[in-house]
Amino acid sequence: MQFKNDVEAAHIRPAERDGPDIVSNGLALSGTAHWMFDRGQVGLADDLSILVSRQSNDFDAVTVMVNSSGKLLAPDRPANRPRMGFVTWHRENCFKH
């Protein structure tokens, strides 16, 4: 059996909420992680630690999906990393604390 590892581009600050189409406003996520990020089930701390909402229907199942470091695997090139302003905006406006 073969598994697909599709990656989707997710806006940190959505385009419909004035988020620009630039690399620093994007994340490469699996389809499931993208869905959870858009709905505020997961978010990012300022140190790029992955936050899981306490309002998640299955906190343990979501936590298992997070990589072992517990942090976003950010690009080496600083210009390609998430801009902190977008990360903060998502946490304050989308993430369900």
If we ask which residues in segment 18-30 are open to solvent by 30 Å² or more (accessible area, probe 1.4 Å) and in a helix (DSSP H, G or I), their number turns out to be 1
Which members of segment 56-87 meet the condition of being exposed (fewer than 13 other Cβ atoms within 10 Å of the Cβ) and hydroxyl-bearing (Ser, Thr, Tyr)? SER68, SER69
Just to be sure I understand, how many residues within segment 45-74 are closer than 17 Å to HIS97 by Cα, polar (S, T, N, Q) and not in a strand (DSSP E or B)? 5
Quick one: how many residues across segment 31-49 are open to solvent by 50 Å² or more (accessible area, probe 1.4 Å) and at pLDDT 90 or above? 5
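The values are calculated or read from the model by the stated rules, or taken from the named source; none is laboratory data. As the structure is a prediction and not an experimental result, all values here were calculated from the model. Counting neighbours? That spans all protein chains shown, and the Cβs are built from the backbone with ideal geometry, glycine included. Quick note on the areas: whole protein, heavy atoms, side chains included, nothing else; ligands and nucleic acids left out. Shrake-Rupley method; radii C 1.70, N 1.55, O 1.52, S 1.80 Å.
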